[in-house]
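Report on one structure; see the data block that follows.
The values are calculated or read from the model by the stated rules, or taken from the named source; none is laboratory data. Please read these numbers as outputs of a predicted model, since none were measured by experiment. Note that we place each Cβ from the backbone using ideal geometry, even for glycine, and neighbour counts take in every protein chain shown.
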Amino acid sequence: MSAEKTKTMRAVVQDGFGGPEVLRVHEVPRPQPLPTEVLVRVHAAGVNPVDWKTRGGTGMAGVLGQPPFVLGWDVSGVVEEVGFGVTTLAVGDEVYGMPWFPRAASGYAEYVTAPARQFARKPATVGHEQAAAVPLAALTAWQALVDTADIRAGQRVLVHAAAGGVGHFAVQFAKHLGAHVIATASGARHAWLKELGADEVIDYSTVRFEDAARDIDVVIDLVGDAHDKTSLRSLEVLHPGGLLVAIPAGVSPELADAAAAREVRVTPFLVEPDGPALARIAALIDAGEVAVEVEEVFPLEQAAHAHIRGEHGRTRGKLVLRTTA
């Protein structure tokens, strides 16, 4: 490989907002780590709903600004260089992380740079493709349950869209924390969700969840009011003082007013980079207490197909891009 070649890398670039067809692989400059940063050779990158929303002009488009840019926040790979001042990681360490979110991490690429402490060592018992499926989804579930809701043993937790990326981690974390877990999902996912730890599963296609769930302490709402007023309907199942964590769309004035009238609480939520939490999550995975579900892996050149699959199919767990040959 020539010296000039090593200065570039392959990345999925979008030059404008639009459908999956705007995603194209280009040669772009390879980043260099600043002090306290590491350069990570990316082996796999997770695909998340925020990715296709941002691609279309919503999601984190307001943070990233106008294209061109490179999507992706979930990465798993190997440290290739360390910047001055890095003491927590070394060249050759296998790491995973959700760097920079909500600013651009440019994870759909062969290399990323980010502060060392936004990464953690990859779970040893899974490969890079599974590890890349973890950070954004698992941190969302962990921070919502642990840091925001402060889940305690014996509480009743309702998880909407429990079979998805965030949902399947939320079920497992809530169970690990000692909660009684109720999940909503299509009937085909019920047996699997019970294997993950759900105590009860409600088929949202045949049952109104507010008719089947009562006296809930915390609702992890991964759907929002855009679909059949899920957030507003969720207020009905909370006991007084209970909490709705509204993850996809936040808290509208209508939702806030309805919550106040019912004497329950609502809060918006946005995940943050969190290396220490990823280390705790890796320990749970390595201990066999948390499983990682990857539905399909695509080569980097098929990022558009991964977006189509995610947008138009109800996936079980996560979709991942493989950045290595």
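Condition first: under 25 Å from the mean Cα position of the chain (by Cα), in a strand (DSSP E or B) and of a type in the set (Phe, Trp, Tyr). Can you find one or more residues in segment 32-54 that meet it? Checked against the condition, which is being under 25 Å from the mean Cα position of the chain (by Cα), in a strand (DSSP E or B) and of a type in the set (Phe, Trp, Tyr), segment 32-54 yields no hits at all.
From the list THR206, THR184, which one is farther than 21 Å from PRO135 by Cα and touching a residue at least 24 places away in the same chain (Cβ under 8 Å)? Exactly one of THR206, THR184 is farther than 21 Å from PRO135 by Cα and touching a residue at least 24 places away in the same chain (Cβ under 8 Å), namely THR184. In the set VAL290, VAL297, only one residue is surrounded by 14 or more Cβ atoms within 10 Å (Cβ to Cβ), assigned to a strand (DSSP E or B) and of a type outside the set (Phe, Trp, Tyr); that residue is VAL297. Of all residues in segment 12-27, at least one satisfies being among the hydrophobic types (A, V, I, L, M, F, W, C), within 21 Å of TYR111 (Cβ to Cβ) and without any contact (Cβ under 8 Å) to a residue 60 or more places away in the chain. The residue pairs whose first member lies in segment 257-279 and is over 29 Å from ARG103 (Cα atoms), whose second member is assigned to a strand (DSSP E or B) and of a type in the set (Lys, Arg), and whose beta carbons are closer than 8 Å, counting only pairs six or more residues apart or on different chains, are ALA259/ARG265.
Residue count for segment 300-325, restricted to those that are touching a residue at least 40 places away in the same chain (Cβ under 8 Å), more than 16 Å from the chain's Cα centre (by Cα) and surrounded by 17 or more Cβ atoms within 10 Å (Cβ to Cβ): 5.
This table checks each residue for (1) without any contact (Cβ under 8 Å) to a residue 40 or more places away in the chain; (2) surrounded by fewer than 24 Cβ atoms within 10 Å (Cβ to Cβ); (3) under 30 Å from GLY224 (Cα atoms).
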site	(1), (2), (3)
VAL42	no, no, no
GLY59	yes, yes, yes
VAL79	no, yes, no
THR87	yes, yes, no
ALA90	yes, yes, no
GLU94	yes, yes, no
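Can PRO273 be described as in contact with a Phe, Trp or Tyr (Cβ under 7 Å, 6 or more places away or on another chain), part of a loop (DSSP other than H, G, I, E, B) and not aliphatic (A, V, I, L, M)? For PRO273, the condition - in contact with a Phe, Trp or Tyr (Cβ under 7 Å, 6 or more places away or on another chain), part of a loop (DSSP other than H, G, I, E, B) and not aliphatic (A, V, I, L, M) - is met.
Given the conditions (1) surrounded by 15 or more Cβ atoms within 10 Å (Cβ to Cβ); (2) in a helix (DSSP H, G or I); (3) not assigned by TED's automatic domain parsing to the domain that holds TRP142, report the number of the one that ALA258 does not fulfil. Of everything listed in (1) surrounded by 15 or more Cβ atoms within 10 Å (Cβ to Cβ); (2) in a helix (DSSP H, G or I); (3) not assigned by TED's automatic domain parsing to the domain that holds TRP142, ALA258 misses just condition (3).
Out of segment 137-172, which residues are closer than 18 Å to ALA246 by Cβ, of a type outside the set (A, V, I, L, M) and under 14 Å from the mean Cα position of the chain (by Cα)? THR140, TRP142, GLN143, GLY164, GLY165, GLY167, PHE169 - these are the residues of segment 137-172 that are closer than 18 Å to ALA246 by Cβ, of a type outside the set (A, V, I, L, M) and under 14 Å from the mean Cα position of the chain (by Cα). Taking segment 140-248 as the region of interest, the strands (runs of 3 or more DSSP E) fully inside it that hold 1 or more residues being surrounded by fewer than 16 Cβ atoms within 10 Å (Cβ to Cβ) are 200-203, 238-246.
Checking the stated criteria, GLY19 turns out to be within 14 Å of ALA303 (Cα to Cα), of a type outside the set (Asp, Glu), surrounded by 13 or more Cβ atoms within 10 Å (Cβ to Cβ) and out of contact with any strand residue (DSSP E or B) (no Cβ under 6 Å at 6 or more places or on another chain).
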